[in-house]
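The values are calculated or read from the model by the stated rules, or taken from the named source; none is laboratory data. Quantities reported herein were computed from a predicted structural model and do not represent experimental measurements. With ideal geometry, Cβ positions are generated from the backbone for all residues, glycine too; neighbour counts draw on all protein chains shown.
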Amino acid sequence: MDETRRGFLKAAVTTAGAAVTPDRVHAQGSGQSQAVPSDLTLRVKSLESLLLEKGLVDRAALDALIDTMEHKVGPRNGARVVARAWIDPAYKKRLLENAPAAIAELGYDSGQGEHMLVVENGPKVHNLIVCTLCSCYPWPVLGLPPVWYKSAPYRSRAVIDPRGILREFGTELAEDVEVRVWDSTAELRYIVLPERPAGTEKMTEEQLAALITRDAMVGVAKVTLPRPEANA
Amino acid sequence: MNGVHDMGGQQGMGPVEYEKNEPVFHAPWEGRIYALNRAMRAWRTWSLDTERHALELLPPVDYLRMSYYERWVVRLAAQLVQSGLVTTEEMESGKAAPGSTKATPALSLATSSRWLNRGIASSQDPEVRPLFKVRQRVRARNINPVGHTRLPRYARGKTGVIVRDHGVYLFPDSNAHLQGEKRQHVYSVRFAARELWGEDASPRDSVHLDMWDDYLEPA
């Protein structure tokens, strides 16, 4: 059966208009190019109109799915979770013990997050999230993953050379810091609870949330204060 | 299968290309194909495991060359025809076969938010006994199935320690092929970086993988 599937996929690739065309000059190498061949636009349009005509999909439902991912979920949700954990030790305890329930307290519970685990950074521990096999990612708190997270360079190297990956992101770790990589091979989804930077003691929850980046919650970066204004 | 998708530990893939202020979708077609894939899954004709395996079956050169959502376009077309929901003729012409009956979409606007909220099947079913315990030393089995598996090559044959029991999940190796759910425990297993990559790795670092009972043996 798999051989048949593979054969069909091969045929699908060649007839899909997905075969190499001259306008895909950027598509070499890492496979993460965003070059968009116009035939893909046409092909998806044609696929959608066929499925609409056959009554297999509903246009309003499709629009709602896209709207959710573009406007309702994203790293701002995760930033609010982290900021709350920083200012409320009882919430942080609940978050580390039962992440889905604690995240739902803030009103976030869409798919790919049912079985979420929060891993905490500290002075001597740094966590990094990857999915070497596909693109597993904690949607409700971070939204859809960025292209680099799904790309061959990140997926291949995060497990064998996490410190090298971190350096590429400008994150230098001391030798005595333990790096823990989490490869999302099952249905568990991970989010990093970054360290709260010094100098943020007087900040409100909203001010803290504004500092917290997607990259820090994937573990490729730390949360930092904005650089102070140059002296007048 | 030992496919090109199983990337952990491969070298020579180049530096990570970072895009500042990256949009959720880079072009409208990416959003449309994302939504079409999600909406078609509501028919339950295939599972998430089947979807993952369909990508693994892409010819390796195409897998590497294509962008993420381009793979989704090819996969959806293939699954529609494979499942019989769309005929090859319809796929080629872009038109429903004359006289064919019109279905009622499995996913409507009213059900779409509930569908997004639907979690992935798991349970704490006490009837399914764990084969291993937290803190137990285990070895990842050296298996090379030709079908779907979530046991990456880089961990096979390596020894680690179970740090957490996540509860009971469907077994992807059988579920992807509609050969049964084979529900079993999944554990977080900690592998020392040196066990995986040798003496050049940091003595402190580790990689945690989530592994089903059937991937493990006592060490």
Read through the list (1) part of a strand (DSSP E or B); (2) closer than 28 Å to B:V168 by Cβ, then give the number of the only condition that A:H126 fails.
(2)
Could you tell me whether the stretch A:160-167 includes any residue that is farther than 28 Å from B:H26 by Cβ and at pLDDT 95 or above?
yes
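Counting only residues that are at the interface with another protein chain (Cβ under 9 Å from one of its Cβ atoms), give me the strands (runs of 3 or more DSSP E) lying completely in the stretch B:170-219 with at least 2 of them.
Details: elements: B:184-192, B:206-212, B:216-218.
Hits in the stretch B:170-219: B:184-192, B:206-212.
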Quick one: how many residues across the stretch B:192-207 are buried (at least 24 other Cβ atoms within 10 Å of the Cβ) and either within 22 Å of the chain's Cα centre (by Cα) or among the aromatic types (F, W, Y) (or both)?
1
Selected residue (criterion: farthest from B:S67 (Cα to Cα)) from residues of the stretch B:26-49 that are free of Cβ contacts under 8 Å to residues at least 24 places away in the same chain and more than 7 Å from every other protein chain (Cβ to nearest Cβ):
B:R41
In the stretch B:103-122, is there at least one residue being modelled with pLDDT under 90 and more than 30 Å from A:L47 (Cα to Cα)?
yes
Contact list please: Cβ distance under 9 Å, first residue in the stretch A:121-141 and farther than 26 Å from B:D49 by Cβ, second residue of a type in the set (S, T, Y), pairs at least six apart or on different chains.
A:H126/A:T171; A:N127/A:Y190
When you look at A:A158, is it assigned by TED's automatic domain parsing to the domain that holds A:S135, in a helix (DSSP H, G or I) and free of Cβ contacts under 8 Å to residues at least 60 places away in the same chain, yes or no?
yes
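What are the residues in the stretch B:133-154 that are at negative phi and without any contact (Cβ under 8 Å) to a residue 60 or more places away in the chain, if any?
Pass one, the stretch B:133-154, residues at negative phi: B:133-134, B:136-154.
B:K133, B:V134, B:N142, listed by residue number.
Specify the residue that is farthest from B:Q11 (Cα to Cα); the eligible residues are those in the stretch A:164-178 that are at the interface with another protein chain (Cβ under 7 Å from one of its Cβ atoms) and not in a strand (DSSP E or B).
Filtering the stretch A:164-178 down to residues at the interface with another protein chain (Cβ under 7 Å from one of its Cβ atoms) leaves A:165, A:168, A:178.
With not in a strand (DSSP E or B) added as a condition, the list becomes A:165, A:168.
Working: A:I165: 13, A:E168: 16 Å.
So the residue we want is A:E168.
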Would you be able to say whether some residue in the stretch A:184-200 is crowded, with 22+ Cβ neighbours inside 10 Å, of a type in the set (S, T, Y) and either in a helix (DSSP H, G or I) or in contact with a His (Cβ under 7 Å, 6 or more places away or on another chain) (or both)?
no
Looking at B:E70 and the list (1) under 20 Å from A:L47 (Cα atoms); (2) more than 7 Å from every other protein chain (Cβ to nearest Cβ); (3) free of Cβ contacts under 8 Å to residues at least 24 places away in the same chain, which single condition is not satisfied?
(2)
Filtered residue count, the stretch B:1-21, keeping only those that are within 15 Å of A:A158 (Cα to Cα) and either in the same structural domain as B:H148 (by TED's automatic domain parsing) or out of contact with any Cys (no Cβ under 9 Å at 6 or more places or on another chain) (or both)
13
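On the given criteria, is A:E187 of a type in the set (D, E), over 19 Å from B:R52 (Cα atoms) and either out of contact with any Gly (no Cβ under 6 Å at 6 or more places or on another chain) or within 7 Å of another protein chain (Cβ to nearest Cβ) (or both)? Don't jump to the end; show me each part of the working.
Details: of a type in the set (D, E): yes; over 19 Å from B:R52 (Cα atoms): no; either out of contact with any Gly (no Cβ under 6 Å at 6 or more places or on another chain) or within 7 Å of another protein chain (Cβ to nearest Cβ) (or both): yes.
Spelling it out, it is not the case that A:E187 is of a type in the set (D, E), over 19 Å from B:R52 (Cα atoms) and either out of contact with any Gly (no Cβ under 6 Å at 6 or more places or on another chain) or within 7 Å of another protein chain (Cβ to nearest Cβ) (or both).
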Test set (1) touching a residue at least 12 places away in the same chain (Cβ under 8 Å); (2) surrounded by fewer than 11 Cβ atoms within 10 Å (Cβ to Cβ); (3) assigned to a loop (DSSP other than H, G, I, E, B) - A:T224 fails condition number:
(2)
I'd like to check something: does the stretch A:102-113 contain any residue that is buried (at least 23 other Cβ atoms within 10 Å of the Cβ), without any contact (Cβ under 8 Å) to a residue 60 or more places away in the chain and either in the same structural domain as A:A210 (by TED's automatic domain parsing) or in a helix (DSSP H, G or I) (or both)?
yes
Check the stretch B:21-38 and report whether any residue there is at pLDDT below 95 and in a helix (DSSP H, G or I).
yes
